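The values are calculated or read from the model by the stated rules, or taken from the named source; none is laboratory data. A quick note: this is a predicted structure, and the numbers were derived from the prediction, not measured. Please note: Cβ atoms are built from the backbone with ideal geometry, for glycine as well, and neighbour counts cover all protein chains shown. With ligands, DNA and RNA removed, areas are computed over all heavy atoms of the protein, side chains included. Shrake-Rupley method; radii C 1.70, N 1.55, O 1.52, S 1.80 Å.
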Amino acid sequence: MSALASAPSSSLTYAPVLDKRFGPKARIEARPAKDIATITLTDRSAYIEVARFLRDDPACAFDLLLDLVSIDLLNAPAPLRPRDGSRFQLHVILYSTRRNDHLRLIVNLPEQNPRVPTLVNLWPAVNWFEREAWDLMGIEFEGHPNLKRLLTHNGFVGHALRKDYAAGQRWLCTEEDLLQTDLAAQTETPEDIFETMTVNLGPSHPATHGTLRIVLRLDGETIVAAEGECGYLHRCFEKMSESHTYSQVIPYTDRLNYCSPMINGFGYARAVEDMLGVEIPPRAKAIRVILSEFNRIMDHMVCIGTNLVDLGALTNFWYAYQAREAIYGLLEACCGARLTSSYARVGGLSADVPPNFDEWSRSLFPIIKTQLDDIDGLVSKNRIAHKRMRGTGIVSRENAIAWGFTGPCGRASGLAYDVRKDKPYEGYDELDFDVPVMTDGDNFARYYVRMEEMRQSLRIIDQQLRKLPKGPVTTDDYRVILPPKEMVYNEMEGLIYHFKVVFEGTKVAPGYFYSSVEGGNGELGYTIVADGSGNPYRLKVRPPCFPLFAAYEKIIKGGMVSDAVATLGMLNIIAGELDR
Amino acid sequence: MSFIKNTLSWIAPPTAPGVQSGAGGADFLTTKLDVLVQWAHSNSLWPLPFGTACCAIEFMSVVSSHYDLSRFGAEVVRFSPRQADMMIVAGTVTDKQAPILRKIYDQMAEPKWVVSMGVCACTGGFYRAYHVVQGIDEIVPVDVYVAGCPPTPENLMRGIIELQRRIQTGDLARHRQNKTYVPIRVGEQPVIGLPAYSQSVMAPNRPGVSEMPVMADSAEADMGAKADVLKHQGDRS
């Protein structure tokens, strides 16, 4: 429980350079072993300077911006609140692809007029993250090219994630609030009016796979300008989690990326466990790995199946769904639900797997392999598929890094970063599997990387099933998990633990923590800020498809509308985790 | 001929058509026109999936090969409101999405039906928050509420079958005219032994939120101004 207290001073390679350059302006914090390294700015004016140094200095080389977390520390307990009494805090989560290292840069902002220079010129990926922070927290970014609301609608008043905003306060959204984008409002020049037209793709469109909106400016069928908009499924996950205990947040996590629900829950549970310093039994770890991989297969199946429908190949969708239905059966046997499983618990799993788990899982292999081979045979050498996917939606490796790509889309562009390999968790380092990487960066590469990943997932499951350990699936630390019923009914301590977990929740010591897993779409990170109570003080998800969709308008510019549809499907934007 | 007679009598017991023999020995059917139309309506529902979230993934399961909704005559999924007559709202509807939902509903041609799939669409679900519509009956009239998060495919299919029954018997049209309309609720049938309040948990005008202008009456919502409904979006938690 006291993992946060015992923090050895980190021996960072870039610490001497940083110290020499900035001295007391940037302080390296002592962090627990499982958290990422942290630099706090004591002087706010050095923000841009330090950020540029972290990106450009060869000893740092933090070239990929993963997340921007905004925190409102109103009424926060003393250990969280900075000494100068600042109310707002920004965490910039960075990653170095060259050195495989994470870093958190913290800057404190005052209550009155919280503003900070934008980082867009350093990491273009930060663009939408900053818009989100402005929208939900009201932090202003000086010099931001397009600082306007992103997740909420234009009729919204106030900043929803501030602590003094009532969670249930809604605002009327009219059609007029909705339809105004800069692109649609652009005045057409007389000579232009016959040449281009503005078209809405979404928010209710069969090819958007959810509730996304892209406003396109077309010259014939060529896209001359595009503007993406999200927030149509912003259902306030982060605000809701602040009024629920750590365990009660788990059902909400299932609904983030609903194509692979279990990975979200496992990732969240692991973040809380790491923060608490709780170790879960090996059997729980192994089951988490197996089910995560099954979920990854389900995720990729939906992505490929639905995208091929958009390209006109309906059959693959039925094939993909057959495999999904087979996996659903297994998930249902484990936890009782097909899609929204709530199977993870802080400290293990809600229940053990069924006794015939091994045979059942193995019986799925031939089904999945058959469907994979069928799809492979129909698509991978299909001329139409090649014409539609080869050379469309190209993202170079440099752009992928600048735009914050991770996961299959990043790997299709040659960015060989997989959290399972590079920051192994739950025993992935003991398993033998490959990370498929392609360098084309086009839609076909994204398709093919996913196909290959599914085969690798089967490999992982096979190995993990072979050495599935016996034993309990929950930790015996009853401060975080409900004790068994025999103990509750027969022992005083059991009853007390039960009562406290149910009524107060698991209490996490004040502090902050970042932890990530490899989700279906890339690095799925959770930043948890705890204030010592049973509820998270602030929970921020790093949704992997957020940067993907932010970059979408840049990818499709100059291409055809039909290619834009193919690209959207292959980026696999899931509105649930995009908007949260 | 007896097959047709049996089928039709099952479809519409109160106004069952008769099979009569003409003078020349040719068989013919007598029926009321609206019974025939209702029968046709009920078996050719074209769904418009207004899929926003997790429920849309389960809806895909319902239409795909394993569950195969086409067995019940409702597989011709159309994304164009002009071509569809059964809107399936699958998933959470946010305030930002609400005007779009209403617009698409308005674009659908009569007769049209709305299936609210999942608790988010029915009541807002466990998102009692600043950006979530607390039940789509704030915006559009609902014919079938299907509970579940998300509902199992069987539950959704049962909702659609119940809707077909009602269309066939003409109840929906009658009730709409008489303003005695009660929507169908699937997945929350009271089980013997449960306390009585469990029946009211999902009712549109449930206690505790009765001060809110919830659209329980479909006929009212049909006639009522669409914009009025949207105006009441205050604090409900």
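Give me a count of the residues in region A:417-438 that are in a helix (DSSP H, G or I) and surrounded by fewer than 20 Cβ atoms within 10 Å (Cβ to Cβ).
Looking only at that region, the number is 4.
Do we have any residue at all in region B:4-16 that's modelled with pLDDT of 55 or more, open to solvent by 50 Å² or more (accessible area, probe 1.4 Å) and assigned to a loop (DSSP other than H, G, I, E, B)?
no
Would you be able to tell me the number of residues in region A:348-376 that are farther than 30 Å from residue A:479 by Cβ and in a helix (DSSP H, G or I)?
19
Quick check on region A:325-348. Is at least one of its residues within 13 Å of another protein chain (Cβ to nearest Cβ) and open to solvent by 40 Å² or more (accessible area, probe 1.4 Å)?
Yes, region A:325-348 contains at least one residue that is within 13 Å of another protein chain (Cβ to nearest Cβ) and open to solvent by 40 Å² or more (accessible area, probe 1.4 Å).
Hey, does region A:118-125 have a residue that's open to solvent by less than 30 Å² (accessible area, probe 1.4 Å), at pLDDT 90 or above and within 30 Å of residue A:219 (Cα to Cα)?
Yes.
What number of residues within region A:147-170 satisfy the criterion of being at the interface with chain B (Cβ under 7 Å from one of its Cβ atoms), more than 23 Å from residue A:75 (Cβ to Cβ) and over 22 Å from the mean Cα position of the chain (by Cα)?
Number of matching residues: 2.
Hey, among the residues in region A:54-66 that are of a type outside the set (Lys, Arg) and out of contact with any helix residue (DSSP H, G or I) (no Cβ under 7 Å at 6 or more places or on another chain), which one's surrounded by the fewest Cβ atoms within 10 Å (Cβ to Cβ)?
A:58
Taking region A:250-270 as the search range and keeping residues that are under 18 Å from residue A:510 (Cα atoms) and either touching a Leu at 6+ places or on another chain (Cβ under 9 Å) or among the polar types (S, T, N, Q) (or both), which one is farthest from the other protein chains (Cβ to nearest Cβ)?
Within region A:250-270, the match that is farthest from the other protein chains (Cβ to nearest Cβ) is A:269.
Can you name the residue in region B:73-96 that is part of a loop (DSSP other than H, G, I, E, B) and basic (Lys, Arg) and is also least open to solvent (accessible area, probe 1.4 Å) among such residues?
Ranking the candidates gives B:96 first.
Would you pick out the residues in region A:71-98 that are touching a Lys or Arg at 6+ places or on another chain (Cβ under 8 Å) and open to solvent by less than 10 Å² (accessible area, probe 1.4 Å)?
Hits for region A:71-98 are A:71, A:72, A:73, A:91, A:92, A:93, A:94.
In the list A:375, A:394, which residue meets the criterion of being out of contact with any strand residue (DSSP E or B) (no Cβ under 6 Å at 6 or more places or on another chain), of a type in the set (Val, Ile, Thr) and under 30 Å from residue A:359 (Cα atoms)?
Sole residue among the options that is out of contact with any strand residue (DSSP E or B) (no Cβ under 6 Å at 6 or more places or on another chain), of a type in the set (Val, Ile, Thr) and under 30 Å from residue A:359 (Cα atoms): A:375.
Residue A:555: in the same structural domain as residue A:407 (by TED's automatic domain parsing), closer than 26 Å to residue A:435 by Cβ and hydrophobic (A, V, I, L, M, F, W, C), yes or no?
yes
List pairs: first in region B:82-98 and under 22 Å from residue B:38 (Cβ atoms), second surrounded by 24 or more Cβ atoms within 10 Å (Cβ to Cβ) and of a type in the set (Val, Ile, Thr), Cβ under 6 Å, 6+ apart or cross-chain?
Pairs found: B:87/B:114; B:88/B:115.
Specify the residue that is least open to solvent (accessible area, probe 1.4 Å); the eligible residues are those in region A:486-512 that are hydroxyl-bearing (Ser, Thr, Tyr) and in contact (Cβ under 8 Å) with a residue 40 or more places away in the chain.
A:506
How do the pairs read when you match residues in region A:52-66 that are on the phi > 0 side of the Ramachandran plot with residues anywhere that are open to solvent by less than 20 Å² (accessible area, probe 1.4 Å), using Cβ under 8 Å and keeping only pairs 6 or more apart or on different chains?
If the second residue must be open to solvent by less than 20 Å² (accessible area, probe 1.4 Å), the pairs left are A:61/A:96.
Go over the candidates A:339, A:308, A:256 one by one and state the one that is touching a helix residue (DSSP H, G or I) at 6+ places or on another chain (Cβ under 7 Å), outside any helix (DSSP H, G or I) and either free of Cβ contacts under 8 Å to residues at least 12 places away in the same chain or farther than 22 Å from residue A:461 by Cβ (or both).
A:256
Regarding region A:38-52, can at least one residue be identified that is closer than 25 Å to residue A:551 by Cα and crowded, with 23+ Cβ neighbours inside 10 Å?
yes
How many residues does region A:393-412 hold that are over 19 Å from the mean Cα position of the chain (by Cα) and open to solvent by less than 10 Å² (accessible area, probe 1.4 Å)?
Number satisfying all stated conditions: 1.
Could you check region B:82-102 and list, in sequence order, the residues that are more than 9 Å from chain A (Cβ to nearest Cβ) and more than 20 Å from residue B:147 (Cα to Cα)?
If the condition is that a residue be more than 9 Å from chain A (Cβ to nearest Cβ) and more than 20 Å from residue B:147 (Cα to Cα), then B:82, B:83, B:84, B:85 are the ones that fit.
Answer yes or no: is there a residue in region A:226-233 that is open to solvent by less than 20 Å² (accessible area, probe 1.4 Å) and over 30 Å from residue A:563 (Cβ atoms).
Checked against the condition, which is being open to solvent by less than 20 Å² (accessible area, probe 1.4 Å) and over 30 Å from residue A:563 (Cβ atoms), region A:226-233 yields no hits at all.
Do any residues in region B:44-55 that are under 13 Å from residue B:164 (Cα atoms) and more than 13 Å from every other protein chain (Cβ to nearest Cβ) have Cβ atoms under 6 Å from those of residues that are of a type outside the set (Ser, Thr, Tyr) and not in a loop (DSSP other than H, G, I, E, B), where the two are at least six apart or on different chains, and which pairs are they?
From residues that are under 13 Å from residue B:164 (Cα atoms) and more than 13 Å from every other protein chain (Cβ to nearest Cβ), the pairs are B:45/B:86.
Please go through region B:105-131 and pick out each residue that is open to solvent by 20 Å² or more (accessible area, probe 1.4 Å), closer than 30 Å to residue B:170 by Cα and either among the charged types (D, E, K, R) or at the interface with another protein chain (Cβ under 9 Å from one of its Cβ atoms) (or both).
Listed by number, the residues that qualify are B:106, B:110.
Residue A:520 - would you say it is in contact with a Cys (Cβ under 8 Å, 6 or more places away or on another chain), outside the structural domain of residue A:30 (by TED's automatic domain parsing) and either polar (S, T, N, Q) or touching a residue at least 12 places away in the same chain (Cβ under 8 Å) (or both)?
Criteria met by residue A:520.
Which of the residues spanning region A:459-485 are open to solvent by less than 10 Å² (accessible area, probe 1.4 Å) and within 30 Å of residue A:569 (Cα to Cα)?
Residues satisfying the conditions are A:460, A:461.
Only one of (1) in contact with a His (Cβ under 8 Å, 6 or more places away or on another chain); (2) free of Cβ contacts under 8 Å to residues at least 40 places away in the same chain is not met by residue A:197, so which one is it?
Against the list (1) in contact with a His (Cβ under 8 Å, 6 or more places away or on another chain); (2) free of Cβ contacts under 8 Å to residues at least 40 places away in the same chain, residue A:197 comes up short only on (1).
Would you check if residue A:278 is surrounded by 24 or more Cβ atoms within 10 Å (Cβ to Cβ) and over 22 Å from residue B:55 (Cα atoms)?
So residue A:278 fails the test.
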